[in-house]
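S.K.: I'd like to ask you about the structure that follows.
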Amino acid sequence: MVNFGFRTDIGKERGGNEDALLLLPKYGIFAVADGVGGQNSGEVASRKAMSGVENFLAANPLSAASELSGRYRENWLNGYFARCLQKVNAEIMSAAAAHPEMEMMATTIVLAYLDMESVYIVNMGDSRAYILRSGLLTQLTEDHTYVNKLISAGTLTKSEARMHPQKNIITKALGSVRNIEPDFCRFDLEPGDRILLCTDGLHGELSDEEIAEILRQDGDLNEISRKLVNAANAKGGHDNITVVLADNR
């Protein structure tokens, strides 16, 4: 059983919480989502994403991966999670088509599968996965945003991106297009590694070093999650904030 903790918060400026999370420690599965869209449809999209992933896992057990190893295992899981998100994407788009008030609803997603000595990450949008190892914080995912494209092109610095007026424009999301291309990656785990999944309500308010300072603390992961959320709210709390932590023992 994975040691984990979590916290979600409306923040200080939003009227509702359009973030959602999924906790399936028995299977080593954790995920967060951040919905976008008017008239509460963002909330619908993020929750549909989480329930859709859970339903896919129930109907398609991950146990088949246990018979594989190395590159074969990684390729199988890549295909597995690609099929999962494609199905969830279709469900979100069908719901939007059936309800005009939900037109254009979409959601980010970042999902972590902790499996023996590895963590597999799949993501779309700007919800992030980090790893804290030996006190050092590393971002494992790449943001699918307009400003990140500018950073990659060398026309914008990371510090400038934090203040850019278009920093919230997402270039990949569940529900945005019929055929999606989620990112997928695998990282080796070491004892003592701490995995963080979060929405942009956290990393949009706190720098990586501010996040790392809190993550370095010992103690209950729910309490550390609460401290992260409180710190983001203290910096303004301009968006919903969701945090999921998992320790590799």
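The values are calculated or read from the model by the stated rules, or taken from the named source; none is laboratory data. Remember, predicted model here, so these are calculated numbers, not experimental data. Cβ: placed from backbone, ideal geometry, glycine included. Neighbour counts: every protein chain shown.
S.K.: Report the residue count in the range 1-38 for those that are closer than 20 Å to L62 by Cβ and touching a His at 6+ places or on another chain (Cβ under 6 Å).
M.R.: Summing the residues that are closer than 20 Å to L62 by Cβ and touching a His at 6+ places or on another chain (Cβ under 6 Å) in the range 1-38 gives 0.
S.K.: Report yes if some residue within the range 214-221 is crowded, with 18+ Cβ neighbours inside 10 Å, in contact with an Asp or Glu (Cβ under 8 Å, 6 or more places away or on another chain) and not polar (S, T, N, Q); otherwise report no.
M.R.: Yes.
S.K.: For Y120, are the conditions met, namely being crowded, with 16+ Cβ neighbours inside 10 Å, part of a strand (DSSP E or B) and modelled with pLDDT of 90 or more?
M.R.: So Y120 fits the description; yes.
S.K.: Pairs, please: C-beta under 6 Å, at least 6 apart or cross-chain, first residue touching a residue at least 40 places away in the same chain (Cβ under 8 Å) and in the range 198-221, second in a loop (DSSP other than H, G, I, E, B)?
M.R.: T199/S127; D200/D126; G201/G11; G201/D239; G201/N240; R216/G135
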